[in-house]
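Engineer: Input: one structure, supplied below.
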Amino acid sequence: MIVNRRIGSEQPDEYDELEQHLTQKLNVPLDWPEDSGLTVSHVAEIAAAATCDTAYSQAANGHLIDLFAALPLPGTTEGKDFWERIRDTGGSAAWNIHPVNMRGSFFDRSHNGNEGGIAFRVLNFLEDLTPAQRAAVAKAIGSVLDRGTIGVSGRYGGELWLRDAEMSAWRVALAGRREFETAQDRERFFEAWRRA
């Protein structure tokens, strides 16, 4: 379920969507249980904070996995041919994402919460490609995309795949920097922009 969660409601006596969802699903008022340290309203705030911190990079990482799932599977005849073409066209940069080097454990770890593993490999891969290699890799990727399922194929489809992978990996990397950010860092940011 996707809900619109505001920090600091404009109307204090009005429920936001997450609070409405919790009160309807749990069939309890927001201040339940009364005189308790943790109420339904608090649970809504905790859920919103947790979602803000994790959903962005998890969604981007999940999208990276979806992008790789659109490519031929390693170990299959089609997959062996495809990944050899990627290695040949991408040169040493291709080792960042080649199944022989990456193995499935990267996807397992990503699926289990290692947010940066695949993202940094994708960024390194794309950064190390020359323009000619990038064009050749796009052509190789586009040649295996299922036009009937995805709607595009050929070099254009491959270029879209590469751009999407690049932006998804960037989102994971950018969201990861928040792990090192303190409340004071965030307040300093807002204060600097207020004074600008």
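The values are calculated or read from the model by the stated rules, or taken from the named source; none is laboratory data. Because the structure is predicted, anything quoted here is derived from the model rather than measured. Neighbour counts are summed over all protein chains in view; Cβ atoms, including those assigned to glycine, are modelled from backbone coordinates with ideal geometry. Quick note on the areas: whole protein, heavy atoms, side chains included, nothing else; ligands and nucleic acids left out. Shrake-Rupley method; radii C 1.70, N 1.55, O 1.52, S 1.80 Å.
Engineer: At 1.4 Å probe size, put Phe189, Phe180, Phe107 in order of accessible surface, largest to smallest.
Structural biologist: Working: Phe189 95, Phe180 165, Phe107 50 Å².
Listed by decreasing accessible area, they come as Phe180, Phe189, Phe107.
Engineer: How do Trp95, Trp170 stack up against each other in accessible area, from largest to smallest, with a 1.4 angstrom probe?
Structural biologist: Trp170, Trp95
Engineer: How much FRET efficiency would the formula 1/(1 + (r/R0)^6) give for Ala59 and Asp35, where r is the Cβ-Cβ distance and R0 is 35 Å, rounded to 0.05?
Structural biologist: Working: r = 38 Å, r/R0 = 1.09.
Efficiency, from the Cβ-Cβ distance: 0.40.
Engineer: Based on the mean of other Cβ atoms within 10 Å per residue, sort peptides 181-187, 86-92 so the most packed one is first. Mind showing how you got there, number by number?
Structural biologist: Working: 181-187: 9.1, 86-92: 17.6.
Packing order, densest peptide first, comes out as 86-92, 181-187.
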